[in-house]
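The structure appears right after this line, and notes come after that.
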Amino acid sequence: MLSELISAFRGGQVDFQSIVIQLLALLVIIFLVLPFHEWAHAFTALKLGDTSVKYRGRLSFNPLAHIDVMGSICLLCFGFGWAKPVPIDPRNFKNEKTGMAITALAGPVANLIAALVGDLIFFAIGAFAPSFFMTTVGGYIGYFLRYYVMINVYLAVFNLVPIPPLDGSKILFVFLPDRLVYKFYQYERYIMFALFALLWMGFLSTPLAYLSNFVQNGIDFVAKLPFLWAF
């Protein structure tokens, strides 16, 4: 992501202000949204019976409790990243697979909520002060909000890919027999390396882009509903 922005800037495709705005949006996501994502995992696990999360310092919005340095660098540079995973003991759930699936789903849902909030702000400004986006400052704010929404949607979709160690794999495991789930965990490290290789080579770019656009259109539709009178 960062390397692409710099290359585009050098080629005259993106101005300096756009790069700064995109970096600011990514920093907001790293310091606010990723902690919200991980808190959602911890809070959901607690509500489902895993009280051990209370003693691990993860029921907090403090970025220092959640930020993973390498994951943050990857988000800044490549557009995908991660925070520190929340340690969860599925043995505390009434149903281990279902509990893990619901807990895993909470993270991407948190990203979609964050995207919806950004979209609501964007459309509220467009409804009550449409000329604001025509100003220089307003244009930058509008660009920030749209980019912020786009990245949050992308992270939600990316995390729902049913490949370990992503959240989507925990949802997939509900429908798989235990022997296959064990195999996935057994080779999780190799699967993770393969996933990063596919991302690096761009093989997942097109399907993730299509899915993200589809979800973002849905988020836009919901966010517009309170302001339909203005559009």
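Rundown of residues vs (1) in contact with a Lys or Arg (Cβ under 9 Å, 6 or more places away or on another chain); (2) at pLDDT 85 or above; (3) open to solvent by 40 Å² or more (accessible area, probe 1.4 Å), yes/no style:
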| site | (1), (2), (3) |
| --- | --- |
| P164 | yes, yes, no |
| L172 | no, yes, yes |
| F196 | no, no, yes |
| S205 | no, no, yes |
| L211 | no, yes, yes |
| Q216 | no, yes, no |
| I219 | no, yes, no |
| L228 | no, yes, yes |
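Go through (1) part of a helix (DSSP H, G or I); (2) farther than 22 Å from S212 by Cα; (3) of a type outside the set (A, V, I, L, M, F, W, C); (4) at pLDDT 85 or above one by one and return the number of the condition S7 breaks.
(4)
Please list, ordered by first then second residue, the pairs with beta carbon atoms under 7 Å, 6 or more apart or interchain, first in region 30-54 and free of Cβ contacts under 8 Å to residues at least 24 places away in the same chain, second open to solvent by less than 10 Å² (accessible area, probe 1.4 Å).
L46/V53
Within region 71-102, take every residue that is of a type in the set (G, A, S) and part of a helix (DSSP H, G or I) and give me the one that is surrounded by the fewest Cβ atoms within 10 Å (Cβ to Cβ). Before you say what the answer is, go through the steps one by one.
Within region 71-102, the first condition is being of a type in the set (G, A, S), and the residues that meet it are 71-72, 79, 81, 83, 99, 101.
Now drop any that are not part of a helix (DSSP H, G or I), which leaves 71-72, 99, 101.
Details: G71: 18, S72: 20, G99: 23, A101: 21.
Per the stated criteria, the residue is G71.
Select from region 13-70 the residues that are within 22 Å of Y154 (Cα to Cα) and not in a helix (DSSP H, G or I) and write down the one among them that is least open to solvent (accessible area, probe 1.4 Å).
Filtering region 13-70 for residues that are within 22 Å of Y154 (Cα to Cα) and not in a helix (DSSP H, G or I), the one least open to solvent (accessible area, probe 1.4 Å) comes out as H66.
Which one of V149, V181 is touching a helix residue (DSSP H, G or I) at 6+ places or on another chain (Cβ under 6 Å) and either open to solvent by 50 Å² or more (accessible area, probe 1.4 Å) or at pLDDT 95 or above (or both)? Outline the logic, then answer.
Values: V181 fails: either open to solvent by 50 Å² or more (accessible area, probe 1.4 Å) or at pLDDT 95 or above (or both).
One residue alone meets the criteria, V149.
The values are calculated or read from the model by the stated rules, or taken from the named source; none is laboratory data. Fair warning: this is a prediction, and the values are worked out from it, not measured in the lab. Please note: Cβ atoms are built from the backbone with ideal geometry, for glycine as well, and neighbour counts cover all protein chains shown. We work out accessible area using only protein heavy atoms, side chains counted, and drop any ligands, DNA or RNA first. Shrake-Rupley method; radii C 1.70, N 1.55, O 1.52, S 1.80 Å.
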